[in-house]
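Following: one structure in structure tokens, then a few remarks.
Read-outs: derived from the displayed coordinates by stated rules, not from any lab. These numbers were taken from a predicted model, which means no experiment stands behind them.
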Amino acid sequence: MSAATCHNAKNNNNKVVTMVPHDQEFEEYITQVRTLRDQMALRFRKSLKEFADMMFGGDTKKALKYLFPNEYKDLASEAKGRVLKPKYRNPENPNETWSGRGRVPRWMERLMKERGMKKEDFLIRDQDEDL
């Protein structure tokens, strides 16, 4: 049995892992596993598309939510706490902003109705961002 030289490296999560040199047989095995993974992913995507077409009018997000409700919920909750950069600003009160998602704010509805302003009139321009 020959002694293999090991060395440390960082993985994608910046954790140190010990790397052991691989022989040719192991490399071939890894290639086969990756090929199989890619083939299975392709089959899954095709099946998902067929299922989505048949059950949800082609909406793959609805199909995924139906097939994997717990996993889909976890993905949605990751984005839930994210703070979005404001896209619109109230010209009467620069402290009032809106990201453009969800319900239109009352101040915007009021100004659009009273002054005939359009949504584009409230867009934050680059020079406004330091307010």
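Over region 22-80, what relative contact order in percent results from Cα pairs under 8 Å that are six or more residues apart? Present the calculation step by step, with values, prior to reporting the outcome.
On the way: 20 pairs, mean separation 9.1, N = 59.
It rounds to 15 percent for region 22-80.
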What are the radius of gyration and Dmax of region 22-80, computed over its Cα atoms and given in Å? 16.5, 49
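Among the listed pairs LYS62/LYS85; LYS61/LYS85; LYS65/LYS85; LYS85/LYS118; LYS46/LYS119, give every one whose C-alpha distance is greater than 31 Å.
LYS46/LYS119
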